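Some notes on the structure that comes next.
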Amino acid sequence: EIVSRDWSSDVCSSDLDLAELDVPWESVEIYQVDERVAPEGDPLRNLTHLRESLGPQLPVQVHPMPVEADDLERAARDYAGELPATIDLIHLGLGSDGHTASLVPGDPILDVDDRLIAITGRAYQGTHRMSMTYPQLSRTRGLLWLVTGADKREPLQQLLDRKSTRLNSSHVKRSRMP
């Protein structure tokens, strides 16, 4: 079971006790969908929240994005090389501007189609990001969206109605795999 997760602080909750779920955790591998370029343990990092939610008791193999590397472009290529051919499930959030996976409006990363992992071309909310690109996001068997907050009501409705191709999140397509 390969899982990829956008584990941002707005979707993590101290009420979430993953250990109580009936999941064969020893068979689960988690790859990050996106991550802020920030030091280990930084409260802005998705990995920080992921590790807090998993706790020490779950035998899950986590594959962190190497955002502390000196050469981020090379680190992104190396991380892409570690990804499985197909990911069983990708969990995504939705921003109030319609972005997902750090694929934010106006960033050059939106046009990347020759790499599976890339670095954003500009800072978003103060940090650059490493992120899966649309080609990688489309190589999943399933997508799970978790959207919270009233400020996301309009982009969520547009995503569900498939009325707007202006939403970056609307460009995420699940592959048609058996």
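Brief remarks on what is shown
- Subtracting the Cα-Cα distance of Glu20 and Glu73 from 0.36 nm times their residue separation leaves 15.3 nm of extension gain.
- Heavy-atom SASA rank of Thr127, Thr148 (probe 1.4 Å, accessible area, largest first): Thr148, Thr127
- Rounded, prolate or oblate (a/c below 1.5 giving rounded, otherwise prolate when a/b exceeds b/c) for segment 12-91 by Cα gyration tensor: oblate
- Part-to-part distance (alpha-carbon centres) for segment 36-67 and segment 97-113, which is given in Å: 22 Å
- Phi to ³J(HN,Hα) by Karplus 6.51 cos²θ - 1.76 cosθ + 1.60 over segment 90-107, Hz, x for Gly, Pro: 10, 9, 10, x, 9, x, 5, 8, x, 7, 8, 6, 6, 8, 9, x, x, 7
- Put simply, the Cα atoms of segment 40-134 extend 41, 30, 29 Å along their principal axes, the longest span coming first.
- Computed in the context of the full set of protein chains, the accessible area of segment 66-157 at 1.4 Å probe radius has 48% of its extent on carbon or sulfur.
The values are calculated or read from the model by the stated rules, or taken from the named source; none is laboratory data. As the structure is a prediction and not an experimental result, all values here were calculated from the model. Heads up: the accessible areas ignore ligands, DNA and RNA and are worked out on the full protein's heavy atoms, side chains in. Shrake-Rupley method; radii C 1.70, N 1.55, O 1.52, S 1.80 Å.
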